[in-house]
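First up is the structure itself, then whatever we jot down about it.
The values are calculated or read from the model by the stated rules, or taken from the named source; none is laboratory data. Remember, it's a predicted structure, so these values are computed and weren't measured experimentally. Heads up, the Cβs are rebuilt from the backbone with ideal geometry, glycines too, and the neighbour counts pull from every protein chain shown. Note: accessible area is taken over every heavy atom of the protein model, side chains too, but ligands, DNA and RNA are not part of it. Shrake-Rupley method; radii C 1.70, N 1.55, O 1.52, S 1.80 Å.
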Amino acid sequence: MWNLTRFVVLSLSRRSRRFSTAIPGPCIVHKRGADILHDPWFNKDTGFPLTERDRLGLRGLLPPRVISFEQQYARFMESYRSLEKNTQGHPDNFVALAKWRILNRLHDRNETLYYRVLMDNIKDFAPVIYTPTVGLVCQNYSGLFRRPRGMYFSARDKGEMISMIYNWPAHQVDMIVITDGSRILGLGDLGVQGIGIPIGKLDMYVAAAGINPQRILPVMLDVGTNNQKLLEDRLYLGLRQPRLEGEEYLSIIDEFMEAVFNRWPKAIVQFEDFQMKWAFETLQRYRKRFSMFNDDIQGTAGVALAGLLGTVRAQGRPLADFANQKIVVVGAGSAGLGVLKMAVEAVTRMTGNGETAARNFFLIDKDGLITKERKNLDPAAAPFAKNPGETMGLGEGATLLEVVKKVKPHVLLGLSGVGGIFSEEVLKAMHESDSTKPAIFAMSNPTLNAECTAADAFKHAGENIVFASGSPFQHVDLGNGKVGHVNQANNMYLFPGIGLGTLLSGAHFITDGMLQAAAECLASYMTDEEVQKGLLYPSIDSIRHITAEVGAAVLRAAVSEELAEGHGDMGPKELMHMSKMRPMWCTSTDLLPTPETCPACIRHITAEVGAAVLRAAVSEELAEGHGDVGPKELMHMSKDETVEYVTRNMWYPVYSPLVHEK
Ligand SMILES: NC(=O)c1ccc[n+]([C@@H]2O[C@H](COP(=O)([O-])OP(=O)(O)OC[C@H]3O[C@@H](n4cnc5c(N)ncnc54)[C@H](O)[C@@H]3O)[C@@H](O)[C@H]2O)c1
Ligand SMILES: O=C(O)C[C@H](O)C(=O)O
Ligand SMILES: [Mg+2]
């Protein structure tokens, strides 16, 4: 076994050298001297070798000693760790902003180093550059503002966007995340300050999906704000006017979409944190015309569905039992409705009966249980409103506590944006759940808006629960060496893979089939053993791995729906002939890397899987020809081609030699 594993590890290193992204080719730069030092994409700070200092007119502009990338990395981490130490005991928000500032300064100065430290320390840094700290940054954006990042299109730019889009310096853009700032996490309307969300999401695209940071574009569409406090804030940086509505609003987004796809026809646009009415309206308006998706509706739905299927497995039941799970969803907004729609589709596929698929789902909003008797029932919520006779005796508008007590749900899932709404009484009522392992999903963000904390959930609902939250919480010490596992049910496990898979497929639309493939991939990622322990999602340390898997699943779905038009030098025919594969983008040189020596741990996982396959081939007496690059080895390798293809397209942060061209 050792030899086989060793063999696979060694062959991986051969292959990864062949496709290596870790040894960079030269990078053309059209600037010289101080302009290079002030461009975070090219800047290496003190890391410029002497030859480059001479070639690029940098001699004298830097202190004489050359500091290697690794030394710079260590120095940054040292500063970060000492900041952590020095701020111990300070208020949480103060510490969170201090950490964000130090990372943001590096981002503004040296992108290569920034993304490397982010990728290698994703577990520590994701909560700083993404949820929950990003919420705090948005709330304080106008005061924190030092440098712009991304593009800002405002209602005043009407008629100008087609030319404005050419102000963006990059020739090619692959991923755009856009918000209008109207529903930032659970924090409400933050107007122009919502730009922090696209920036944070795109950082996750770089870290998790390996999207080239030169090809990302965060966008703020400023159509005003209805947040009175911001309108009165003298530092507020956005338009001081109420939000545009109706056709006026839509005409601004229409113009933006036309401008973007006119310049970059192959870009993908992710809509993020739009208030519900515009989230649904824009999704419907654009999804058949452009390559776009709404992450809050569609990404969240896939992540929640994967978690819901995980809870069925955690109970030791077959997946088909999902149709019998009673699920109470609290929050009938873009996220809650997206989750229910996908859950109903899953039940329909399992049972073949769409009529009764929503039977076991109960939907609650700020006015309580939603039934067909609801006055002014929102058409988007109507398919999930209970008919009289299906309510188990509960009336229209029944409270959350009444619903939980009566329904005894298997799952209580919050997407309400209301912190603490899963009160002690509600959690205690989950003791009576009909499930052997009740699940509590407090998915609202950021931390203070979570429906309950992890500690409260385990304390009041019992130690036997499965728990997931949108923002990270520490695992809970249950005493006697037992641990209450906390899962992070956040759409970050899907959106980078949805974007990456779509990009590499060259599909012009993102279909339900592609989204379903992404959700199924995440749902099947965890082993039975892990799920039984209450682990529904991978650790964030494995985000690059899961993203590659999700990306490949999305790509395969696009191919099977005949939507894949290819990407770069990979045409649709080549894509069609790729089969399932596993990624290997680990840069560790260890023979058997561990999660410590290889943060993404890919080579380790791949070696294990490869060795298992090889053992099977050996035991079936088929493994004659797998030497170096024999035909049979090639045959075996072709199973891996899709992920390999995905992997090859993943950017990895290392300094490239710079070559000046006028
Ligand atoms: N974990 C994730 O990946 C993820 C993804 C998307 C959204 N979210 C979070 O979900 C929350 C909601 O997002 P959204 O886009 O659906 O917002 P939304 O504004 O569209 O919907 C909020 C819903 O909550 C309901 N609500 C408000 N107060 C309530 C109360 N007291 N009791 C019951 N329901 C109540 C509203 O009636 C509305 O139906 C936000 O906090 C957001 O950060 C998390
Ligand atoms: O941004 C997140 O962390 C998840 C989600 O998109 C949200 O709006 O809360
Ligand atoms: Mg969001």
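With contacts defined as alpha carbon pairs under 8 Å and 6 or more residues apart, what's the relative contact order of the range 383-442 in percent? Provide the component values of the computation, followed by the final result.
Working: 46 pairs, mean separation 23.7, N = 60.
Relative CO of the range 383-442 lands at 39 percent.
Mind listing P(r) for the range 278-318? All alpha-carbon pairs, 5 Å bins, whole percents.
Bins of 5 Å from zero give 6, 21, 19, 15, 11, 10, 8, 8, 1 percent of pairs.
Taking 25 °C and 0.890 mPa s as the conditions, I'd like the Stokes-Einstein D for the range 26-147 in µm²/s, using the Kirkwood hydrodynamic radius from alpha carbon pairs. Provide the component values of the computation, followed by the final result.
On the way: Rh = 15.9 Å.
Translational diffusion coefficient: 154 µm²/s.
In whole angstrom, and with the biggest value first, how far do the Cα coordinates of the range 498-551 range along each principal axis?
Projected onto the principal axes, the Cα atoms of the range 498-551 cover 40, 21, 11 Å.
Once the principal axes of the Cα atoms of the range 169-226 are found, what is the range along each, listed largest first in whole angstroms?
So the extents along the principal axes, rounded to whole Å, are 35, 23, 11.
Report the FRET efficiency, 1/(1 + (r/R0)^6), for residue 281 and residue 320, where r is their Cβ-Cβ distance and R0 is 35 Å, rounded to 0.05.
It comes out at approximately 0.50.
Which Rg and Dmax, in Å, describe the Cα atoms of the range 112-186?
Answer for the range 112-186, Rg first and Dmax second: 15.4, 43 Å.
Let me see the P(r) profile for the range 78-209: every Cα-Cα distance counted, bins of 10 Å, each bin given as a percent of all pairs.
Using 10 Å bins, I get a P(r) of 11, 39, 35, 12, 3, 0 for the range 78-209.
Determine, for each peptide in 449-457, 297-305, the mean count of other beta carbons within 10 angstrom over its residues, then list the peptides with the highest first.
Result, highest mean Cβ count within 10 Å first: 297-305, 449-457.
Report the FRET efficiency, 1/(1 + (r/R0)^6), for residue 101 and residue 73, where r is their Cβ-Cβ distance and R0 is 22 Å, rounded to 0.05.
Efficiency for this residue pair is about 0.70.
Assuming a ≥ b ≥ c are the square roots of the Cα gyration tensor eigenvalues, decide whether the range 29-84 counts as rounded (a/c under 1.5), prolate (otherwise, with a/b larger than b/c) or oblate.
Cα axes put the range 29-84 in the prolate bin.
Tell me the net charge near residue 248. Cut-off is 12 Å between Cβ atoms, residue 248 excluded, with +1 for each Lys or Arg and -1 for each Asp or Glu.
That works out to -2.
Return the distance in nm (one decimal) between the two label points of a simple spin-label model at residue 565 and residue 158, each offset 7 Å from Cα along Cα→Cβ.
According to this spin-label approximation, the distance is 3.1 nm.
In terms of modelled amide H atoms, which long-range or inter-chain residues lie less than 5 Å from the amide H of residue 294?
Here the answer is 271, since their amide H atoms fall under 5 Å of that of residue 294.
Using the per-residue mean of other Cβ atoms lying within 10 Å as a proxy for protection, in what order, highest first, do the peptides 483-489, 26-32, 459-465 fall?
The most tightly packed comes first, giving 483-489, 459-465, 26-32.
Taking only the C-alpha atoms, wrap a convex hull around the range 89-129 and report its volume per residue in Å³ as a whole number.
Numbers: hull volume 2.5 nm³, N = 41.
Given the Cα convex hull of the range 89-129, per-residue volume reads 62 Å³.
Over all directions, how big on average is the projection of the convex hull of the alpha-carbon atoms in the range 367-417, in square nanometres?
3.9 nm²
Got the relative contact order for the chain handy, in percent, Cα pairs under 8 Å and 6 or more residues apart?
With pairs under 8 Å counted, the relative contact order is 15 percent.
For the range 380-464, what class follows from the C-alpha gyration tensor (a ≥ b ≥ c being the square roots of its eigenvalues): rounded when a/c is under 1.5, otherwise prolate if a/b is larger than b/c, else oblate?
oblate
So what's Rg/Rh here for the range 397-440, counting alpha carbon atoms and using the Kirkwood radius for Rh?
Using only Cα positions, Rg/Rh for the range 397-440 is 0.93.
Under a 1.4 Å probe, what is the accessible area of the chain per residue, stated in Å²?
42 Å²
Could you sort out which of 341/408; 123/437; 277/341; 405/428; 229/277; 201/341 sit more than 19 Å apart by Cα distance in this structure?
341/408; 123/437; 229/277; 201/341
Loop-only check: which trypsin sites (Lys or Arg not before Pro) in the range 465-548 are DSSP coil with at most 11 other Cβ within 10 angstrom?
Passing both the DSSP loop test and the Cβ count: no residue.
Percent of alpha carbon pairs in the range 131-285 separated by more than 19 Å?
Counting pairs separated by more than 19 Å, the tail of P(r) holds 51 percent.
If the label point is 7 Å along Cα→Cβ of residue 392, which residues in the range 418-456 have backbone nitrogen under 19 Å from it?
422-442
Based only on Cα atoms, what mean projected area does the convex hull of the range 460-574 have, in nm²?
Projected area, direction-averaged: 8.6 nm².
Just want the answer: with Cβ charges of +1 for Lys and Arg and -1 for Asp and Glu, which residue in 401, 267, 489 is farthest toward the dipole's positive end in the chain?
After comparing all options, I get 267.
If you consider only alpha-carbon coordinates, what radius of gyration and Dmax does the range 241-292 have, in Å?
Every Cα atom of the range 241-292 included, Rg and Dmax give 11.3, 34 Å.
Using only the Cα atoms of the range 414-480, what semi-axes does the equivalent ellipsoid have when each is the square root of 5 times a gyration tensor eigenvalue? Give whole Å, largest first.
Gyration-tensor ellipsoid for the range 414-480: 18, 14, 10 Å.
Give me the orientation-averaged projected area of the Cα convex hull of the range 193-253, in nm², one decimal.
With the hull built on Cα positions only, its mean projection is 5.3 nm².
Using the membrane-span-like helix rule (whole DSSP H runs, Cα extent along the own axis of at least 20 Å, mean Kyte-Doolittle hydropathy at least 1.0), which helices of the chain qualify?
300-314
What's the ranking of 193-200, 536-543 by average number of surrounding C-beta atoms within 10 Å, highest first?
Listed from highest to lowest mean packing, they are 193-200, 536-543.
Can you give me the pair-distance distribution of the chain, C-alpha pairs, 10 Å bins, whole percents?
Histogramming the chain at 10 Å steps yields 3, 15, 25, 27, 19, 8, 2, 0, 0 percent.
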